[in-house]
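S.K.: Below is a structure I'd like to ask you about.
All of the numbers you see were taken from the coordinates with simple rules; none came from a lab. All values reported here derive from a predicted model rather than from experimental measurement. Counting neighbours? That spans all protein chains shown, and the Cβs are built from the backbone with ideal geometry, glycine included.
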Amino acid sequence: MRLHRSIIIAAGCEQIWPLLVDPEKIRQWCPPIRTIRFTGEQKSGLGTRFYFEEKAAGQLLKLHMIVTEWQQNVSIAFEMASGNLVKSYTQRYVIKAMGQGSHLTIFEEVRLPYGIIGSIAGLFRRPVSNAHLDRMLANLKNISEVSDSVA
């Protein structure tokens, strides 16, 4: 299942970036995340490893992730190294400056187990997953714009 959602945020890329890379700030705009923490000494850049738990479809998703792309104030991507409930999971955030704000896009790809049955299940999950991403982006927008107006 491949998803992408976008939003315009009245804040600069440099105000949005910390909200994408700081575990405590991520929990502010992504409330389904129960736990998120670095799993090594590295806290930024390519190869950074982290773990998160998120309530998904009534179950607890537990994933070990690795950062595969890091361009400060521009883009970050990460993929599943190991975990439960899904076969693979990747997310990518891209921030583009525009006028007085930024355009943020999230790309997400989730592969469910069980072959064709998982693919069919993904089709039914798509509307719920899109709504979840829309809520996350709306929360991120609100926090970014409040942070920008305070700065």
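S.K.: List the aspartates and glutamates whose Cα sits under 17 Å from the Cα of Lys96, skipping any in the same chain fewer than 8 residues away.
M.R.: Result set, ordered by chain and number: Glu14, Glu69, Glu145, Asp148.
S.K.: Could you give the angle, 0 to 90 degrees to the nearest 10, between helix 115-150's Cα long axis and the longest principal axis of the Cα atoms of the chain?
M.R.: Helix 115-150 and the main axis of the chain meet at about 20 degrees.
S.K.: Rounded to the nearest 0.05, what FRET efficiency do Ser82 and His103 have when you use their Cβ-Cβ distance and R0 = 30 Å?
M.R.: With R0 = 30 Å, the Cβ-Cβ based efficiency is 0.35.
S.K.: Could you work out how much longer the chain between Gln42 and Glu145 gets when fully extended? Use 0.36 nm per residue separation minus the Cα distance between them, nm to one decimal.
M.R.: This chain segment gains 34.2 nm when fully extended.
S.K.: Give the Debye-formula value of log10 I(q)/I(0) at each listed q (0.12, 0.16, 0.19, 0.21 Å⁻¹), with one equal scatterer per alpha carbon of the chain, two decimals each.
M.R.: Ignoring solvent entirely, the Cα scatterers give -0.50, -0.89, -1.24, -1.48.
S.K.: Just to verify a number: FRET efficiency for Lys25 and Thr68, C-beta to C-beta distance, R0 = 25 Å, to 0.05?
M.R.: The value I calculate is 0.75.
S.K.: Please give the net charge around Arg34, taking every other residue with its beta carbon less than 14 angstrom from that of Arg34, where Lys and Arg add +1 and Asp and Glu add -1.
M.R.: +1
S.K.: While we're on this one: Under 5 Å between amide H atoms, partner at least 5 residues away or on a different chain: which partners does Leu112 have, H built in plane at 1.01 Å?
M.R.: Under 5 Å from the amide H of Leu112: Lys87.
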